[in-house]
Amino acid sequence: MCGIVGYVGEKRAAPILLDGLQKLEYRGYDSAGIAVFDGKILHIVKKKGRVKELEPARALRGNCGIGHTRWATHGAPSEKNAHPHTYRKFTLVHNGIIENAHILREECLSRGEIFSSETDSEVIAHLISDCYEGNFAAAVCEASKRLQGSFALAVLFGDCPGTIVCARRHSPLVVGREKGGLFVASDVPAIAAEGVEIFSLGDGEFAALHAGEIQFFDEDLRPVLPHPVEYSCKEDAPALGGYRHFMRKEMSEIPAVLRKNSVDFLSNSQFSAFCEVLCHAEYIQIVACGTAYHAGLCAAYAFEKICRVPCEVSIASEYRYRDPIVPQNTVCFAVSQSGETADTLAAAQIAREKGAFLAAVTNVAYSSLTRISDAVLLTNAGREVAVAATKSFNAQLMLLYGVAAFLATKKGREVPPLAELPQAAAGALEVSEEVRGWTAHFLSAKSVFFLGRGADYFTALEGSLKLKEITYLPSEGYPAGELKHGTLALIEKNTPVVAVVTQRELAEKTMNAVHEVYARGAKIFLVTRFEELRARKEVFASVLLPACPEEFSPAVAVIPLQALAYYLSLARGNDPDKPRNLAKSVTVE
Ligand code: M6R
C-alpha cells in the first residue's frame, strides 16, 4: 500500500508534501519521510510512526520534493526502512511489492553495491542507477522492465533537481497540474484543490514532471495522451464534527447513507443498460475482500432468497488464482469501498475477461475499479476515514438489496419492504449505546465468539472482523449450528458469546447453540429483534433491534456489533480510527 506524494513548482515543497501525506495516511501509517531539493542539497527526513512526526521538516526550503507514508511489506516499520530510499544520485518513493526483489538484490550485492534498508523498494533505486546512460526517464523505464510485481514510483535525480519521473504498474498513481506547479500522488484527495487539473496514469505508463509540463509515456517512452480525472474538491474535507473518532461519526451517518442508497432501479434510467443485462443473468458472482466480502455474502443471500438466482461469493484473493468458472450470462459484482483493492481489481478483471458483465459497487467515482467496469453503482456514502469500515458496509448492502428487489420484481416475486431500513437503522443506533455497558465483560477475554444462522451468520462474521480489527482480541464469527463440530471445545467459563437472532424460522435453532455454550460457562450477549428471547435464563445482556425485513436484517443488526467493537477498542486504550498493522486501502496483493 503506502501513500506517495510529490511536488515541483514555484511554491515550497515541504508543506505540500506533508499536507498531502496527511491525506494519504489511510494507506499506511507506520513510518513516513520526505526528500526536498533546496537547489543544491537534497534534504531527507524520515521518522518511524505517523506523518505528524515529520512536522519539523515543514520548515525545509526547496521547490521540488517527494514524500511517503508507509505500510510495511518488506522490512519492519522503522526509520531505516522508511522511504525515500537513495542510491547514488537517485532517490525514490515506492508503493507496491517487488516480487523478484530478492533476486535483484543479490545481483546488486554481487556487484559490490551496498544497501541501507531491508525493503524491496531500495533495489529499484539501484536498478535505475545501474540503467542510467544519460536520460533520466529512460533509466526509470529500463529499470521498470526488470521489476516483477506492482509499483507506483516517484523518482528524483541529483543531476535534474527540478524533475520528478513517475511510473506505475498495478498500483494507482495520479499526476496534477496547476499554474506554476506539478504534482504526483497515490490518490486524488492528496492533491485535489481549486485550479488543479488531475490525470490518472495508465497501467504501465510513465510521466515526467518538469518546468510546468507533464509528459506522458508508454513503456517504450513513446508519448501517450493524458487521462483526465473528473473530481470535486468539495467532497473530500471530512471533519469530526464534534465526535471523538471518525468511526463513531461514520456510524452515526448510517441512516442517512441508507436513504441515499435507496435506488429504485425500476424507474431510474441511469441504470437501464445494467438492468437490461441483469434481467437476463442466469448466474451472479460477487468478488470482494474483508467487510465488502461480508456485504457480498449478505447480498448473495438476498439474491437467492428473493430472486431465486444462483449467486456465488468469493474472496477476491482466492478467486483470482483458482481459474474460476464463469458460466454464460454471468453478472459479476465487484464490491469495494475504495475501488482500489488490488485483489478485488484482479478478480474483477478475470471475471470480465472470462465473459462476465462487470458491475462495480464502490464508493469512489474515480477509482481504478470504475475504470475497468461495464457498469458502476456508486454507494454515495461520503468519504470513509476510519480504517474499520462501517457506513460503507451498510451502503453496499442497501444498494445491492435494491438490485435484488428490482430483479425480484421483474421476476414477479414478492419483495420485502426495503424502505423500512433507514428508520430501523436509526433505531438500532439508539439501542447500540447500551452495548457500552457490555465492554467490562470482554476486557479480559481470551477470545470472543459471534454466532448466527442464515443472514445472521454474515452479520456475525462482520461483527467479529470489526472486533479483531480495532480491539486486537481474537474472535470468530461462526454459524451457530456448526459450533458443535469442533469449535465448542474453545468455550470456557465467562467466554463472551454474542448471538445474533433476527430470523424467525431459525431463532430457536440459534438458541439451541446458545444453550450449548451457556452450559459450558459462556456469557451470552444477545442481539435480537425478538423481545421474548431476552428473558431466557441463558442471556446475560441483550439489545432489542427494531423490526425490519429478515432478508435485509444485516444492514441493521450489524450496528450494535460495530458499536461494541468501537467501545471495546476505547476501553482497551486503542485508536479505533487507526488500528495497528492495517491501512484503509489495500493496494498490494
Ligand atoms: O476498499 P475495499 O472495500 O475493497 O476494502 C476491502 C477490505 O480491505 C476492507 O473492507 C477491510 O476489511 C476493512 N478495513 C474492514 O473494516
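Annotated for region 240-415: lysine pairs at least 8 residues apart or interchain, Cα distance under 16 Å, count 4. Enter the angle in degrees (range 0 to 90, nearest 10) between the Cα long axis of helix 122-131 and the first principal axis of the Cα atoms of the chain, meaning the one along which they spread out most. Tilt of helix 122-131: around 40 degrees.
Using Cα centres only, tell me the gap between region 16-93 and region 389-444 in whole Å. What the calculation gives is 41 Å, centre to centre.
Dividing the C-alpha radius of gyration of the chain by 2.2 N^0.38 Å, with N its residue count, gives 1.01. Spacing of the modelled spin labels on residue 371 and residue 485, each 7 Å from Cα toward Cβ, amounts to 4.3 nm. For region 240-415, a/c is not less than 1.5, where a ≥ b ≥ c are the root eigenvalues of the C-alpha gyration tensor, and a/b does not top b/c. That puts it in the oblate class. Against the longest alpha carbon principal axis of the chain, how many degrees, from 0 to 90 and to the nearest 10, is the axis of helix 421-432 turned? Helix 421-432 sits roughly 90 degrees off the main axis of the chain.
With charges set only on the Cβ (+1 for Lys and Arg, -1 for Asp and Glu), what does the dipole of the chain come to about its Cα centre, in debye to the nearest 20?
1340
In region 453-543, taking the dipole from charged Cβ atoms about the Cα centre, the farthest positive-side position among 459, 503, 514 is held by 514.
What FRET efficiency do you get for residue 574 and residue 492 if R0 is 25 Å and r is their Cβ-Cβ distance, rounded to the nearest 0.05? List each step's numbers first, then the result.
Working: r = 24 Å, r/R0 = 0.96.
After rounding to 0.05, the efficiency reads 0.55.
What angle do you read, to the nearest 10 degrees and between 0 and 90, between the alpha-carbon axis of helix 136-145 and the longest principal axis of the chain? Between the helix axis and the principal axis of the chain, the angle is about 50 degrees.
For the residue pairs 446/584; 80/578; 23/584; 484/509, alpha carbon separations beyond 18 Å are given by 446/584; 80/578. A simple rule links phi to the HN-Hα coupling: the Karplus curve 6.51 cos²θ - 1.76 cosθ + 1.60 with θ = phi - 60°, which for region 153-162 gives 10, 10, 10, 10, 10, x, 8, 10, x, x Hz, with x for Gly and Pro. Fully extending the segment from residue 74 to residue 233, taken as 0.36 nm per residue of separation minus the present Cα-Cα distance, adds 53.8 nm. For the chain, the per residue solvent-accessible surface stands at 38 Å², with DNA, RNA and ligands left out and a 1.4 Å probe. On the principal axes of its alpha carbon atoms, region 58-125 extends 40, 25, 17 Å, with the longest extent given first.
Where the accessible area of the chain is counted over protein heavy atoms with a 1.4 Å probe, how much of it, in %, is carbon and sulfur?
C and S atoms contribute 50 percent here.
For the pair residue 420 and residue 446, a Förster radius of 51 Å applied to the C-beta separation gives a FRET efficiency near 0.85, rounded to the nearest 0.05.
In percent, rounded to a whole number, the relative contact order of region 360-459 is 14, using alpha-carbon pairs under 8 Å and six or more apart.
Taking a straight line from the alpha carbon of residue 537, these aspartates and glutamates sit under 15 Å away, with near neighbours fewer than eight places off in the same chain left out: 508, 516.
Provide the percentage of antiparallel DSSP beta bridges, counting only those with both residues in the chain; round to the nearest 5.
Values: 63 of 104 bridges.
Of the beta bridges lying entirely in the chain, close to 60 percent run antiparallel.
Full extension of the chain between residue 534 and residue 354 yields a length gain of 59.9 nm, computed as 0.36 nm times the residue separation minus the alpha carbon distance. Whole-Hz ³J(HN,Hα) for each residue in region 50-65, computed from phi via Karplus 6.51 cos²θ - 1.76 cosθ + 1.60 with θ = phi - 60°, x for glycine and proline: what do you get? In residue order, the calculated couplings are 7, 4, 4, 5, 8, 3, x, 6, 4, 6, 4, 8, x, 10, 9, x Hz. Overall dimensions of region 429-574, expressed as equivalent-ellipsoid semi-axes from the Cα gyration tensor (√(5λ), whole Å, largest first), are 20, 18, 14. Charge dipole (Cα centre; +1 on Lys/Arg Cβ, -1 on Asp/Glu Cβ; no other charges) of region 240-415 amounts to roughly 440 debye. Placing a pseudo-label 7 Å from each Cα along the Cα-to-Cβ vector at residue 111 and residue 589 gives an inter-label distance of 2.6 nm.
The values are calculated or read from the model by the stated rules, or taken from the named source; none is laboratory data. Given the structure is predicted, the values throughout are model-derived calculations rather than measurements. Every residue, glycine among them, receives a Cβ derived from its backbone with ideal geometry; neighbour counts consider all protein chains shown. Heavy atoms of the whole protein, side chains included, go into the accessibility calculation; ligands, DNA and RNA do not. Shrake-Rupley method; radii C 1.70, N 1.55, O 1.52, S 1.80 Å.
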